[in-house]
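So the structure is just underneath, and the comments pick up after that.
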Amino acid sequence: MLYTIITNNIGDKSLKIIVISDTHNSTEIATSAIQQNKPDRIIFLGDVLSDIYKIEEIYPDIPVSKVAGNCDIYEDEPKEIILNIEGKTFLICHGDSYNVKNGLFHLKNAAEDNYVDICLFGHTHKPLFELNNGIYFLNPGSCKKTYTNNATYAIIEIDDKEINCNIIEVN
């Protein structure tokens, strides 16, 4: 496993993070969400990395953290990273390496083994937010509308060491 540790401390200001995943060659909803929410940071959970590269060109002043998904086999990004943001430790992955389509058992073990506060993952295209054993697990769903589901993304706000999360559905 390859881990990258990044620290971002912004003092007394709250931090807004937009979390997107599984754009699958569609950046319209993600760019609109970024424009509307004006985040301090973007986290991309894989599938398709060329989409986040385009978004980075559009929003060069917003820091981006990204991981490769199962559809990004020819990319050079890590499969998972650990970030320390505002005193909170994040495990960020696509989820396919942990077989999340068949449950969160392996992902929960990895989160506990790495003493994280928040675990972000994608792959299932189904939004999820839950607290388990003191660890927040967040899947923002797919930031691309499919024939069965509307597009979704998540907003995380960290303010005075508190974590708030909203999953946004785009009709």
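The values are calculated or read from the model by the stated rules, or taken from the named source; none is laboratory data. Everything numeric in this text was worked out from a predicted model, so none of it was measured. Reconstructed Cβ throughout: ideal geometry from the backbone, glycine too, with neighbour counts over all protein chains shown. Heavy atoms of the whole protein, side chains included, go into the accessibility calculation; ligands, DNA and RNA do not. Shrake-Rupley method; radii C 1.70, N 1.55, O 1.52, S 1.80 Å.
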Explain nothing, just compute: Karplus ³J(HN,Hα) = 6.51 cos²θ - 1.76 cosθ + 1.60, θ = phi - 60°, for every residue of region 111-119 in order, whole Hz, x for Gly and Pro. 5, 5, 4, 9, 6, 8, 8, 9, 10
Per DSSP H run of n ≥ 4, the term is -39500 (n - 2.57); total these for the chain, divide by its residue number, and report the mean residue ellipticity at 222 nm rounded to 500 deg cm²/dmol. -5000 deg cm²/dmol
Sparse-neighbourhood loop sites, trypsin sites (Lys or Arg not before Pro) in region 71-166 - DSSP loop, at most 11 other Cβ within 10 angstrom: K161
Setting aside same-chain residues fewer than 8 positions from K144, which aspartates and glutamates have a Cα under 19 Å from its Cα? D22, E28, D47, D51, E56, D72, D96, E169
Sticking with the crude label model, points 7 Å out along Cα→Cβ, report the distance from Y74 to V170 in nm, one decimal please. 2.6
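Rounded to a whole number, what is D in µm²/s for region 100-171 from Stokes-Einstein with the Kirkwood radius over alpha-carbon pairs (20 °C, 1.002 mPa s)? Display every interim value, and only then the final one.
On the way: Rh = 13.0 Å.
Rounded, D is 165 µm²/s.
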Quick one: which residues, 5 or more positions from T23 or on another chain, have an amide H under 5 Å from its amide H? H modelled 1.01 Å from N in the peptide plane, none for Pro or chain starts. V48, C143
For the pair D160 and S32, how long in nm is the line joining their label points, each one 7 Å along Cα→Cβ? 3.5
Cα-based Lys proximity count in region 1-130, under 23 Å, for pairs eight or more positions apart or on separate chains: 24
Can you work out the Karplus-derived ³J(HN,Hα) for every residue in region 132-137? Use 6.51 cos²θ - 1.76 cosθ + 1.60 with θ = phi - 60°, whole Hz, and x for glycine or proline. 9, 6, x, 10, 7, 10
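Calculated FRET efficiency, N150 and K101, Cβ-Cβ r, R0 30 Å, to nearest 0.05? Show your work: numbers first, answer last.
Values: r = 20 Å, r/R0 = 0.66.
So, using R0 = 30 Å, E works out to roughly 0.90.
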If you filter region 36-74 for chymotrypsin sites (Phe, Trp or Tyr not before Pro), then keep DSSP loop positions with at most 15 other Cβ within 10 Å, what is left? Y74
Using a 10 angstrom cutoff on alpha carbons, build the Gaussian network for the chain and name the most mobile of C143, C93, C71. C71
Whole-number D in µm²/s for region 54-142 (Stokes-Einstein; Kirkwood sum over Cα pairs; 20 °C, 1.002 mPa s): 156
One quarter of the C-alpha convex hull surface, i.e. the mean projected area of the chain in nm², amounts to 9.2
Quick one: if the Förster radius is 22 Å, what FRET efficiency do K16 and E57 give, using the C-beta to C-beta distance and rounding to 0.05? 0.55
In whole percent, how big is the carbon plus sulfur part of the accessible area of region 54-160, probe 1.4 Å, protein atoms only? 45
